[in-house]
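Notes to accompany the following structure.
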Amino acid sequence: MEKALLIEEMESRKNCLEKDRQCDEQIRHNVEHNVRVSVANKMIKFYQIQDKLFLQKKMQKSLDKKKNYAHKPQAKYEVNRDPTRLFKPTQQWMNRFLASNENVSMKPVTFINNVPKLQIPAWRKNA
């Protein structure tokens, strides 16, 4: 009987110690979790602030560039347009064509598909 009481008392002490250990572990876990959460929140806020500053700097740079572009004078070019030159042969083409075809007379070109072609290049003839 005394043994049974002793065993029961030892088991109750063991159970109490186990419960205390579990409570301590749970408290420590909660404290660590709260610390990690607070550090994570602080870091998130810090990075959000850094992002805002970065975006503000970038926006300011783009605004400065736009202001600089607005102050630059626009270059004006005056080009004489001559659409008829598209139908005229170039001087180089004339020289090559006349050198190879001395007796062929030049006809006026009215359609781009009717333009006489030069010879096939030597490197492409055998291909």
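The values are calculated or read from the model by the stated rules, or taken from the named source; none is laboratory data. From a predicted model like this one, the values you see are computed outputs, not experimental measurements. For neighbour counting, all protein chains shown are included, and Cβ atoms are generated from backbone atoms with ideal geometry for every residue, glycine included.
Does the stretch 76-84 contain at least one residue that is in a helix (DSSP H, G or I), modelled with pLDDT under 95 and loosely packed, with under 10 Cβ neighbours inside 10 Å? Checking the stretch 76-84: at least one residue is in a helix (DSSP H, G or I), modelled with pLDDT under 95 and loosely packed, with under 10 Cβ neighbours inside 10 Å. Contact map, the stretch 25-38: first residue exposed (fewer than 10 other Cβ atoms within 10 Å of the Cβ), second residue modelled with pLDDT of 95 or more and assigned to a helix (DSSP H, G or I), Cβ cut-off under 6 Å, separation 6 or more or different chains; the map is empty.
Test Asn95 against the stated conditions and say whether it is exposed (fewer than 10 other Cβ atoms within 10 Å of the Cβ), over 46 Å from the mean Cα position of the chain (by Cα) and modelled with pLDDT of 75 or more.
Working: exposed (fewer than 10 other Cβ atoms within 10 Å of the Cβ): no; over 46 Å from the mean Cα position of the chain (by Cα): yes; modelled with pLDDT of 75 or more: yes.
For Asn95, the condition - exposed (fewer than 10 other Cβ atoms within 10 Å of the Cβ), over 46 Å from the mean Cα position of the chain (by Cα) and modelled with pLDDT of 75 or more - is not met.
For beta carbons closer than 8 Å, sequence separation of 6+ or different chains, a first residue in the stretch 80-92 that is closer than 15 Å to Phe111 by Cβ and a second that is among the aromatic types (Phe, Trp, Tyr) and modelled with pLDDT under 85, the qualifying pairs are Pro89/Phe97. Taking the numbered list (1) assigned to a helix (DSSP H, G or I); (2) closer than 30 Å to Lys117 by Cα; (3) of a type in the set (A, V, I, L, M, F, W, C) in turn, Leu63 passes all entries but (2).
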